[in-house]
1. I need the full set of residues from segment 145-156 which are more than 18 Å from Leu98 (Cβ to Cβ) and either at pLDDT 95 or above or among the polar types (S, T, N, Q) (or both), in order please.
2. Restricting the search to segment 30-54, which residues are more than 15 Å from the chain's Cα centre (by Cα), modelled with pLDDT of 95 or more and not hydrophobic (A, V, I, L, M, F, W, C)?
3. How do the pairs read when you match residues in segment 41-62 that are over 17 Å from Ala88 (Cα atoms) and free of Cβ contacts under 8 Å to residues at least 24 places away in the same chain with residues anywhere that are in a strand (DSSP E or B) and of a type in the set (A, V, I, L, M, F, W, C), using Cβ under 9 Å and keeping only pairs 6 or more apart or on different chains?
4. Which members of segment 57-105 meet the condition of being farther than 14 Å from Arg26 by Cα, assigned to a loop (DSSP other than H, G, I, E, B) and open to solvent by less than 20 Å² (accessible area, probe 1.4 Å)?
5. Filter segment 135-156 down to residues that are within 21 Å of Arg30 (Cβ to Cβ) and in a strand (DSSP E or B) and give me whichever is most open to solvent (accessible area, probe 1.4 Å).
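The values are calculated or read from the model by the stated rules, or taken from the named source; none is laboratory data. This structure is a prediction, so every number in the text was calculated from the model and none was measured. Glycine gets a Cβ as well: all are built from the backbone with ideal geometry, and neighbour counts include every protein chain shown. With ligands, DNA and RNA removed, areas are computed over all heavy atoms of the protein, side chains included. Shrake-Rupley method; radii C 1.70, N 1.55, O 1.52, S 1.80 Å.
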Amino acid sequence: ARFTTGFGADERRTAMTADVVVVTWRSGERVLQCLERLSGQQPAERTFVVDNASGDDTVAGVRRRFPEVRVVELPDNRGFGAGVNAGALLGTSEALVLINDDVEAADGLLEALLAPLRLDPACGMVAGLTTIPGTEQVDGFGIELDSTLAAYNRLRHRPADERPGRLAMPSGGLAAYRRAAF
């Protein structure tokens, strides 16, 4: 994932912790790589991996390599939204960060995603920008609506420096929410 905030280090106001939720299904090594990139990033308070009844070695792999991560095993595949809600209910931090299990988080990602929430009390949601692996093309930068109200990823398959359309909402693939707004 690549990101920009427009905020300098001297503009930080107050610390903000976050609960990170990663929803997964049969992801194996993919979620392990995601968690490796996230490990040690501040200001993560807790990380929850919500497993949608993978039935493979995903849960065992997470528990083995990341014992500090809380794993939530759903009894069946309830989908992304229900998985997010199951993880969000367990946290208590002021912010909630959603990250897809295939995101390769850059150093400082969590801090950058939370900066707008920290600096502006009226900000409730922040969209993260993800790129297609091995390219400079955008995978997603939040959700945009067209004139028919159909939703799609902003800047999808376009360069990150292009002017994006109007943001309707973050994508659950990489987003931060003030818990009160969520």
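1. Correct list: Ser147, Thr148.
2. Asp51, Asn52, Ser54
3. Val59/Val49; Val59/Val71
4. If the condition is that a residue be farther than 14 Å from Arg26 by Cα, assigned to a loop (DSSP other than H, G, I, E, B) and open to solvent by less than 20 Å² (accessible area, probe 1.4 Å), then Phe66, Val69, Gly91, Ser93, Val103, Ala105 are the ones that fit.
5. Gln137
For every residue, the table says whether it meets (1) open to solvent by 40 Å² or more (accessible area, probe 1.4 Å); (2) touching a Pro at 6+ places or on another chain (Cβ under 9 Å); (3) not basic (Lys, Arg).
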{"residue": "Pro133", "(1), (2), (3)": "yes, no, yes"}
{"residue": "Arg158", "(1), (2), (3)": "yes, yes, no"}
{"residue": "Arg166", "(1), (2), (3)": "yes, no, no"}
{"residue": "Met169", "(1), (2), (3)": "yes, no, yes"}
{"residue": "Gly173", "(1), (2), (3)": "no, no, yes"}
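Table: residues versus (1) at pLDDT 95 or above; (2) out of contact with any helix residue (DSSP H, G or I) (no Cβ under 9 Å at 6 or more places or on another chain).
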| site | (1), (2) |
| --- | --- |
| Phe7 | no, no |
| Thr17 | no, no |
| Val59 | yes, yes |
| Arg63 | yes, yes |
| Pro67 | yes, yes |
| Arg70 | yes, no |
| Leu74 | yes, no |
